[in-house]
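To keep things clear, I will list the structure first and then write my remarks on it.
Quick note: the coordinates plus some simple rules give every number you see, no bench work behind them. Predicted model only: the values in this text are computed from it and were never measured.
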Amino acid sequence: MLVVTTPILEGNKIVEYKGSVFTQTVRGTGFGRTLGAGFKQFSGGRSRGHEELIVETRQMALQEMMEDARKMGANAIVGLTVDYEMLTSDTLLLCKAFGTAVVVE
């Protein structure tokens, strides 16, 4: 399934708009990641644990959106927007994503 942030797909024609697709995924940061990130703050290094969590959470959200779009009969999602937010004192990561499910030729 094609998923793009643009409102159109260059070289493809949108023949039907199926509707909006939304998802939100919440995952815990975990004690190890939080502790490791705390140490990284002092040294100025990257928090690989948190970076992996962000990537995994985004992939989960996109999979759910694509599944919902397929159920609607779509073969693409246009106008994708992804947003992240930390909840409850930085122990939960919320990933929100939305776009428009379409059929393209």
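Between Ser20 and residues 5 or more places away or on another chain, which pairs have amide H atoms under 5 Å apart, with H built 1.01 Å from N, and which residues are they?
Correct list: Ala101.
Any chance you could run the full-extension gain for Thr5 through Glu51? It's 0.36 nm times the residue separation minus the Cα-Cα distance, nm to one decimal.
14.4 nm
For region 12-27, take each phi angle, set θ = phi - 60°, evaluate the Karplus expression 6.51 cos²θ - 1.76 cosθ + 1.60, and give the result in whole Hz per residue in order, putting x for glycine and proline.
So the Karplus estimates, Gly and Pro as x, are 10, 10, 6, 9, 7, 9, 8, x, 7, 10, 10, 7, 9, 10, 10, 9 Hz.
Got a sec to turn the phi values of region 2-9 into Karplus ³J(HN,Hα) couplings, 6.51 cos²θ - 1.76 cosθ + 1.60 with θ = phi - 60°, whole Hz, x for Gly and Pro?
Result, ordered by residue: 7, 9, 9, 8, 7, x, 9, 10 Hz.
Give me a comma-separated list of calculated 3J(HN,Hα) values for region 97-104, in order, Karplus coefficients 6.51, -1.76, 1.60 applied at θ = phi - 60°, integers in Hz, x for any Gly or Pro.
So the Karplus estimates, Gly and Pro as x, are 9, 8, x, 10, 7, 9, 10, 10 Hz.
With a ≥ b ≥ c the root eigenvalues of the C-alpha gyration tensor of region 55-99, is it rounded (a/c under 1.5), prolate (a/b larger than b/c) or oblate?
Since a/c reaches 1.5 and a/b is larger than b/c, the shape of region 55-99 is classed as prolate.
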